[in-house]
């Protein structure tokens, strides 16, 4: 018996700072779909995911929460794993960087690199971003003098540290990337790494810290903890039992990884720091690193401060696991950012799942039960349209295989949906209900329904990596146990004489307007609770002039105003603030003002407030208003002679 080919696939390990939103959860579903597909094709798959649990940010969050860092990460790691399970992902191992075996291996890795001169002690002085846990030079900051990755404030930092000699391996890394064209994928990420980071010259990497304690201790220098990159990136080998003194069998079997599935924002760490660490250790490099795009809320990156975060478990409660998986995999382009809103989710659910797939299965199984008491007939009466349907069914597996091998998951889903649409068209072309009225066409009716049932079986096999529960439900209705990919090499493997099951709807259509109202009401209620829990403004401490100067107040003219759909409290104001670009602000004053009351008026705008998304509207500031009584609010209007954009001091 031939040994199965191995396939080792990993996600990036999730940072345990906060519960992950649906944009973070995309990666685990993407990786799971690839892993499931590879298993179907006969591979011995090892699928790794987990959590990254050390660092200064964790230490600070734990302090704010009044608990130990370990208690903090235990809670968040539990939430992350629960979301992986909720999304029905089939990981083989869930690693935590607080696991004893991982910490011990990391300490040995650090010591080995130090002993051979690839790590050395020095002093770091630079600008530090706590959220990213990264040091930057002045020239690397963005145009506002902030972190180039997250665009938040950086602070000067100086401390003793150990460094990894990236510069020593620069040429070797450059040659490896250029000689292995698919190592960094897609091509655009490869060019970015080479041209923007490697060829300009690599700076040695800070790999220890002394300013916090929540990390893996350096065994030979107790002032230091091992910094995030050696700790976190090593998980891909420590999970398999890597040990510099002698590795376990799983490491020997599965390493090097076939692919690391990661977000595009951490490609640099996985294609520069990680390969150099492995080169220094004398270990093989992973075969490929795929940097996938982001899932945005509408056109914006998800952020709690913007108020546009959607969580996977909340979506599952509304739409079901498979519908969420389907949306994530079908809506994310190969190399461009994807988008999610409740509106688009409902639209996809109704059109693709309820109509195209669900209705196809339901009416086909119902007709088989109605016309033949559920018994599958012999397809011995071929006719027009059969050949085209069979050819597409046989071609679809090849098309899906090609797309998945290139990580074009939305394209692979599209191939499967094309087959479902062709089956629906076949029903319209052959009109089984008309054939059923003519007893002399009964053999043709049996053949048509056989072709439909067999086509749906193809569909169920192909849907398995994306929507495993739905695929199982389809097989149940077909009454077949022929579910493997090999059975798709020929059209006609559905067994004649077996009986189909009962026709049960797979997806019930959603009333879009009603659901949006319910979701908006829930969102408004949650927002009201947050506002209620917020501290009252009475009795605030006195501030200095420098604090007041941080608030930018400007005169702005209301050029347009309209109600916000599904939000009774909000008005959407378009403002002229003296710049060339109109500014949008959402304000909860609809109870006291009609849109016409505001157009043409001049108001006071808080111009430097962080944007926030309110009921689908990005509010780029705030207008000033006064609480005049318990249930009366007055907007602060200013003299019409004041120029738009005038600064209020």
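The values are calculated or read from the model by the stated rules, or taken from the named source; none is laboratory data. For clarity, every value in this text was computed on a predicted model and none was experimentally measured. Cβ atoms come from the backbone with ideal geometry, glycine included; neighbour counts cover every protein chain shown.
One line per residue, one yes/no per condition, for (1) out of contact with any strand residue (DSSP E or B) (no Cβ under 8 Å at 6 or more places or on another chain); (2) within 26 Å of residue 128 (Cβ to Cβ); (3) not assigned by TED's automatic domain parsing to the domain that holds residue 485:
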| residue | (1), (2), (3) |
| --- | --- |
| 44 | no, no, yes |
| 48 | no, no, yes |
| 60 | yes, yes, yes |
| 68 | yes, yes, yes |
| 83 | yes, no, yes |
| 87 | yes, no, yes |
| 90 | no, no, yes |
| 98 | yes, yes, yes |
| 102 | no, yes, yes |
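Please work out which residue is nearest to residue 404 (Cα to Cα), limiting yourself to region 490-518 and to residues that are touching a residue at least 60 places away in the same chain (Cβ under 8 Å) and not in a loop (DSSP other than H, G, I, E, B).
512
Condition first: closer than 29 Å to residue 637 by Cβ, at pLDDT below 85 and surrounded by 12 or more Cβ atoms within 10 Å (Cβ to Cβ). Can you find one or more residues in region 540-555 that meet it?
no
Can you pull out every residue in region 571-604 that is touching a helix residue (DSSP H, G or I) at 6+ places or on another chain (Cβ under 7 Å) and in contact (Cβ under 8 Å) with a residue 40 or more places away in the chain?
573
Look through 200, 148, 156 and report the one residue that is exposed (fewer than 14 other Cβ atoms within 10 Å of the Cβ) and closer than 23 Å to residue 55 by Cα.
156
From (1) at negative phi; (2) surrounded by fewer than 24 Cβ atoms within 10 Å (Cβ to Cβ); (3) in contact (Cβ under 8 Å) with a residue 24 or more places away in the chain, pick out the condition that doesn't hold for residue 14.
The failed condition is (2).
Just one of the numbered conditions (1) buried (at least 23 other Cβ atoms within 10 Å of the Cβ); (2) modelled with pLDDT of 95 or more; (3) closer than 22 Å to residue 131 by Cα is not true of residue 29; which one?
The single condition residue 29 does not satisfy is (3).
Check 368, 377 and return the single one that is in contact with a strand residue (DSSP E or B) (Cβ under 9 Å, 6 or more places away or on another chain), surrounded by 18 or more Cβ atoms within 10 Å (Cβ to Cβ) and in the same structural domain as residue 477 (by TED's automatic domain parsing).
Testing whether each residue is in contact with a strand residue (DSSP E or B) (Cβ under 9 Å, 6 or more places away or on another chain), surrounded by 18 or more Cβ atoms within 10 Å (Cβ to Cβ) and in the same structural domain as residue 477 (by TED's automatic domain parsing) leaves just 368.
Yes/no per residue for (1) surrounded by fewer than 19 Cβ atoms within 10 Å (Cβ to Cβ); (2) modelled with pLDDT of 95 or more; (3) over 13 Å from the mean Cα position of the chain (by Cα):
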| residue | (1), (2), (3) |
| --- | --- |
| 302 | no, no, no |
| 306 | yes, no, yes |
| 318 | yes, no, yes |
| 324 | no, yes, no |
| 331 | yes, no, no |
| 343 | yes, no, yes |
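Output the residue which, of all residues in region 51-80 that are touching a residue at least 24 places away in the same chain (Cβ under 8 Å) and within 21 Å of residue 316 (Cα to Cα), is surrounded by the fewest Cβ atoms within 10 Å (Cβ to Cβ).
Selected residue: 79.
Identify the single condition in (1) modelled with pLDDT of 65 or more; (2) more than 19 Å from residue 620 (Cα to Cα) that residue 566 does not satisfy, given that it satisfies every other one.
Result: residue 566 fails condition (1) only.
For the list (1) more than 30 Å from residue 44 (Cβ to Cβ); (2) in contact (Cβ under 8 Å) with a residue 24 or more places away in the chain, I need the number of the one condition that residue 194 fails.
It fails just one condition, (2).
Looking at (1) in contact with a strand residue (DSSP E or B) (Cβ under 8 Å, 6 or more places away or on another chain); (2) assigned to a loop (DSSP other than H, G, I, E, B); (3) closer than 27 Å to residue 288 by Cβ, can you tell me which one residue 182 breaks?
(1)
Pick from region 229-246 the residues that are assigned to a helix (DSSP H, G or I) and in contact with a strand residue (DSSP E or B) (Cβ under 7 Å, 6 or more places away or on another chain): which of them is nearest to residue 214 (Cα to Cα)?
So the first thing to find is which residues in region 229-246 are assigned to a helix (DSSP H, G or I), and the list is 229-233, 235-238.
Those still in the list that are in contact with a strand residue (DSSP E or B) (Cβ under 7 Å, 6 or more places away or on another chain) too: 229, 231-232, 235-236.
Details: 229: 14, 231: 12, 232: 13, 235: 17, 236: 21 Å.
Taking the candidates together, the pick is 231.
Within region 247-264, can one find any residue that is part of a helix (DSSP H, G or I), touching a strand residue (DSSP E or B) at 6+ places or on another chain (Cβ under 6 Å), closer than 19 Å to residue 290 by Cβ and modelled with pLDDT under 95?
Yes; the residues of region 247-264 include at least one that is part of a helix (DSSP H, G or I), touching a strand residue (DSSP E or B) at 6+ places or on another chain (Cβ under 6 Å), closer than 19 Å to residue 290 by Cβ and modelled with pLDDT under 95.
Going through region 384-405 one residue at a time, which ones are exposed (fewer than 15 other Cβ atoms within 10 Å of the Cβ) and outside any helix (DSSP H, G or I)?
The one that is exposed (fewer than 15 other Cβ atoms within 10 Å of the Cβ) and outside any helix (DSSP H, G or I): 384.
Taking residue 124, is it in contact (Cβ under 8 Å) with a residue 12 or more places away in the chain and surrounded by 18 or more Cβ atoms within 10 Å (Cβ to Cβ)? Walk me through how you get there before you give the answer.
On the way: in contact (Cβ under 8 Å) with a residue 12 or more places away in the chain: yes; surrounded by 18 or more Cβ atoms within 10 Å (Cβ to Cβ): yes.
Considered against the rule, which asks whether it is in contact (Cβ under 8 Å) with a residue 12 or more places away in the chain and surrounded by 18 or more Cβ atoms within 10 Å (Cβ to Cβ), residue 124 comes out as yes.
It is to be established whether one or more residues within region 468-477 are touching a residue at least 24 places away in the same chain (Cβ under 8 Å), more than 29 Å from the chain's Cα centre (by Cα), over 20 Å from residue 398 (Cα atoms) and not in a loop (DSSP other than H, G, I, E, B).
Checked region 468-477: at least one residue is touching a residue at least 24 places away in the same chain (Cβ under 8 Å), more than 29 Å from the chain's Cα centre (by Cα), over 20 Å from residue 398 (Cα atoms) and not in a loop (DSSP other than H, G, I, E, B).
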